[in-house]
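Below you'll find the structure, written out as structure tokens, and then a few comments.
The values are calculated or read from the model by the stated rules, or taken from the named source; none is laboratory data. All of these numbers come straight from a predicted model, not from anything done at the bench. All Cβ positions, glycine included, derive from the backbone under ideal geometry; neighbour counts span all protein chains shown. For the accessible areas, the whole protein counts, side chains as well, though only heavy atoms, and no ligand, DNA or RNA atoms are used. Shrake-Rupley method; radii C 1.70, N 1.55, O 1.52, S 1.80 Å.
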Number of protein chains: 2
Amino acid sequence: MTAWRGGRCYGAGVSASQPVRGTRVRGTRQAEALASALECLAGFRSAQDIHAELRRRGERIGLTTVYRHLMVLSEDGAVDTIRDEDGETLYRRCETSEHHHHVTCRSCGRSVEVEGRAVELWADRVAAEAGFVDVDHTVEIFGLCPACAAK
Amino acid sequence: MTAWRGGRCYGAGVSASQPVRGTRVRGTRQAEALASALECLAGFRSAQDIHAELRRRGERIGLTTVYRHLMVLSEDGAVDTIRDEDGETLYRRCETSEHHHHVTCRSCGRSVEVEGRAVELWADRVAAEAGFVDVDHTVEIFGLCPACAAK
DNA sequence: CCGATAGTGAAAACCGTTTTCATGCTTTCC
DNA sequence: GGAAAGCATGAAAACGGTTTTCACTATCGG
């Protein structure tokens, strides 16, 4: 469970949010609802948070379905995923399809995408120096956003 | 469960490995055994791997105790921890007490410590630009080590 | 020795996630 | 329009790593 759960973001409708990128996520009421929730939620949220939010909105949708859709969406690159400090997976609608990293608020979940050409290069370089191949990296930055820091 | 479990590293003894840094981990047979196992195991291992290894060596030690000691050791900075792609926590005896990162083999767990002045600076900079404070970061690189890549 | 104190570990609880499987909803074809 | 086929759904159960519980044991100072 994340710390910042609970929230507003009602008045959902935001007009029939159309399918997120050409994925198979479409058609069903549940997929629509999930897409709309992702549209509306600003930061990284756990699957359970998102499910709770949907239920709060009155949607009839099962936790299983939320997990299933998030999995597909993330495989398709339509949502980003990160792991919080407890190992829980957090999801967020992806803004750009390019490789990038995040500065995420550990209190409210709000996050900013940052370009990381520099880290990419660094990671590739040090891995190559160590003789490693097929290299992959995870880079996440957590902190307190200006709003939360103000408290 | 990690992929590279099971291994040699018997003939353990390595002479009574002395207590790792001035922690409260000492005295008991189990703590000694764990310290010695960590000394001997090269790469990052899951708590369960380490426990299995100890049992294989004939040590009488419970999984709970392994977890407990690893927790303390990691709080004291005597072991490093990272999360693998499945969210499982992996442990390794720490080589330097300075902040550093790893290039870890996703097949055998072997890892190389790398200096990351560049990333530190980058992380601090982008976080500051976004107005975040109390910043923390995780940077892990996974790949195939030369030996595993050769197969 | 002895008693206080800290450590141990089997079993149960936890908790996020995945699987199962019976049921529903769509789509397709006639 | 309707029946069959196929995919989506979700409650409940399984899963797997980790933590908690609690009765028991080892250790250490005196």
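List of remarks:
- Each Cα pair under 8 Å and six or more residues apart adds its sequence gap; the mean of these over the residue count of the range A:83-151 is a relative contact order of 35 percent.
- Loop-resident sites, the range A:99-142, for GluC sites (Glu not before Pro), counting at most 13 other Cβ within 10 Å (DSSP): A:115
- Distances between equivalent label points of residue A:97 across the copies, with each point positioned 7 Å along Cα→Cβ, amount to 5.0 nm, shortest listed first.
- Counting only other chain Cβ atoms within 10 Å of each residue's Cβ, the peptide B:93-106 averages 2.
- 7 Å along Cα→Cβ, label-point gaps from residue A:128 to other copies, nm, shortest first: 2.9
- Dipole magnitude of the range A:99-151, debye to nearest 20 (Cβ charges: Lys/Arg +1, Asp/Glu -1, about Cα centre): 460 debye
- Tail fraction, Cα-Cα pairs, the range A:99-151, threshold 16 Å, whole percent: 51 percent
- Cα centroid separation, the range A:66-85 to the range A:109-151 (Å): 18 Å
- Area of residue B:98 that stays accessible when all protein chains are in place (1.4 Å probe, Å², to 10): 130 Å²
- Estimated inter-spin distance, residue A:97 and residue A:128, nm [label 7 Å along Cα→Cβ]: 2.7 nm
- Relative to the other identical copies, residue A:147 shows label-point distances of 5.0 nm, where the label point lies 7 Å from Cα along the Cβ direction and values run shortest first.
- Using heavy atoms of the protein chains and a probe of 1.4 Å, the accessible area assigned to residue B:138 is about 70 Å².
- Solvent-accessible ranking of A:45, B:106, largest area first, probe 1.4 Å: B:106, A:45
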